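The structure appears below as structure tokens.
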Amino acid sequence: MPHHALTRMGGRCRLPVAAVVVLLAALAPARADAPATALAALPLVEPAKVGAGSLLLRERDAGSDEAARAFRLGPTVGTDVSIEVGGMVARAAVRQQFFNPVQQWVEGVYVFPLPENAAVDHLRLRVGERVIEGMIKEREEARRVYETARAEGRKAGLLESERPNIFTTSIANIGPGEQVEVEIEYQQVLRYDQGAFSLRFPMVVGPRYIPGAIQTVSLGAGGWSVEATDRVPDAGRISAPVLPPDAGKTNPVRLRVALTPGFPIGAIESPHHEVDIAAAEDGRTTVTLAAEVVPADRNFELVWRPEASAMPTAALLDETRDDGNYVLAMILPPTPVADGDGRPAPLAREVIFVLDVSGSMGGASIRQAKAALDLALARLSPADSFNVIAFNHATRTLFRDARAATADAVARAQRFVDGLDADGGTEMAPALARALTGAPPQGKLRQVVFLTDGAVGNETELFAIID
């Protein structure tokens, strides 16, 4: 599919997120009620490091490279999220509010997370009293028009997909005291695994390890630096600021989920947030945050299961809209064929465990990863073979090649894992290449199990290794 093509889904246009570019423009000047705050009084932030999505402000007419990279943290008014779930498809509307508290015109750059399988199909920008609707354009054309509008002092915004799960919005010419509201709508296919459906809404742009030779632009004493590398030249565009712990909780979020799953729900769980659940007689269930407003310091996840007697093998959902009738057919996997004792017949496997032992894994992460790996090793059957690869800035392999899962081999692996410590960088590429070397023996299914808490900026390089 060409990267500017649109397809239909649920009565809306769907655009593959890997190429989403939206151009916004308005010709009228904005209102300028200048408050007393100066841009320099706002916190200086480092876009080359990553945290929760935020609006970064910089001078509109920055005359030097240093000034162009001198981002200040703009105040967040709030985030409202409304998600409608029908069968296996979710439509989300995200509305975020910010304002410019300084007495000068600025440009805003906002880095924010979305689900990696989201398809953005709507963007509306409100700057002051102006409402600006998004238009789908080719990436380069959109950028040219945006830069022209910015240079002419017009209102303009640009939404770009930097990674499948990271977007940036650039907003030109924000007037003194103006409030900025960014409204995005997207669709995604939900996850189904072992009888459970799940929805994930990311609230945090996770820290990414940036490999390669660093090219640094220094802004002097007390300042910060933007770091791009020969392997991740766009590191700054996939980064948002990290505030110190004493800065307190930021980015307040309200969230509501309306579930129409197509079957009676047996259980609903929110692993990371307390929620209130209200079921209606028409089969619709509404889930809201129990605290009403929470800080954007962790991702939201919702998991639901059908009633035991109502697990569907197929379901058909329909919706009537102004532009026509839409149907969604949902077919679930059949129950696995069981052997004589009633359990599914296992497949012989070659399992390659790849464990991240970089510095970011220190503390709870490495303890949890070791416990998970120890459990996985204990569950290997004599028909399986396995190997363990540990990596940080270097790669270590337990065995030269995958070995049969005998009691002695498993015990040796458990001792190897127990002796690992978390330290160093996150160089995934060599470990991934080592895990994918060769082919499994005939009759065995190879599984590569990757245990990590980190994200990296060189995904393209890693995908090439996998291909």
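The values are calculated or read from the model by the stated rules, or taken from the named source; none is laboratory data. What you are looking at is a predicted structure, and each value in this text was computed from that prediction instead of being measured. Cβ sites come from the backbone with ideal geometry, for glycine too, and all protein chains shown count toward neighbours.
Which pairs have Cβ atoms under 7 Å, sit 6 or more apart or on different chains, and link a residue in the stretch 281-308 that is buried (at least 19 other Cβ atoms within 10 Å of the Cβ) to one that is among the small types (Gly, Ala, Ser) and not in a strand (DSSP E or B)?
LEU302/SER270; ARG305/GLY195
Conditions (1) loosely packed, with under 15 Cβ neighbours inside 10 Å; (2) closer than 21 Å to ALA371 by Cα, marked per residue:
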site: ALA409; (1), (2): no, yes
site: ASP418; (1), (2): yes, yes
site: GLY425; (1), (2): no, no
site: ASP453; (1), (2): no, yes
site: ALA464; (1), (2): yes, no
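Out of the residues in the stretch 401-456 that are touching a Gly at 6+ places or on another chain (Cβ under 7 Å) and among the small types (Gly, Ala, Ser), which is farthest from ARG349 (Cα to Cα)?
Among those residues, the one meeting the criterion is GLY424.
For VAL131, which of the numbered conditions (1) under 25 Å from LEU255 (Cβ atoms); (2) of a type in the set (Val, Ile, Thr); (3) in contact with a Lys or Arg (Cβ under 6 Å, 6 or more places away or on another chain) fails to hold?
Status for VAL131: all satisfied but (3).
Condition check ((1) among the small types (Gly, Ala, Ser); (2) farther than 27 Å from GLU116 by Cα) across all residues:
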{"site": "SER358", "(1), (2)": "yes, no"}
{"site": "LEU375", "(1), (2)": "no, yes"}
{"site": "PRO382", "(1), (2)": "no, yes"}
{"site": "THR395", "(1), (2)": "no, yes"}
{"site": "ALA411", "(1), (2)": "yes, yes"}
{"site": "ALA422", "(1), (2)": "yes, yes"}
{"site": "ALA433", "(1), (2)": "yes, no"}
{"site": "ILE465", "(1), (2)": "no, no"}
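Please report, ordered by residue number, the strands (runs of 3 or more DSSP E) entirely within the stretch 175-228 with at least 2 residues that are at pLDDT 80 or above, more than 30 Å from ILE265 (Cβ to Cβ) and β-branched (Val, Ile, Thr).
Fully inside the stretch 175-228 and qualifying: 179-189.
Only residues that are hydroxyl-bearing (Ser, Thr, Tyr) and touching a Lys or Arg at 6+ places or on another chain (Cβ under 8 Å): list them for the stretch 265-311, please.
THR286, THR288
Quick check: is even one residue across the stretch 354-366 among the aliphatic types (A, V, I, L, M), in a helix (DSSP H, G or I), loosely packed, with under 10 Cβ neighbours inside 10 Å and at pLDDT 85 or above?
Yes, the conditions are met somewhere in the stretch 354-366.
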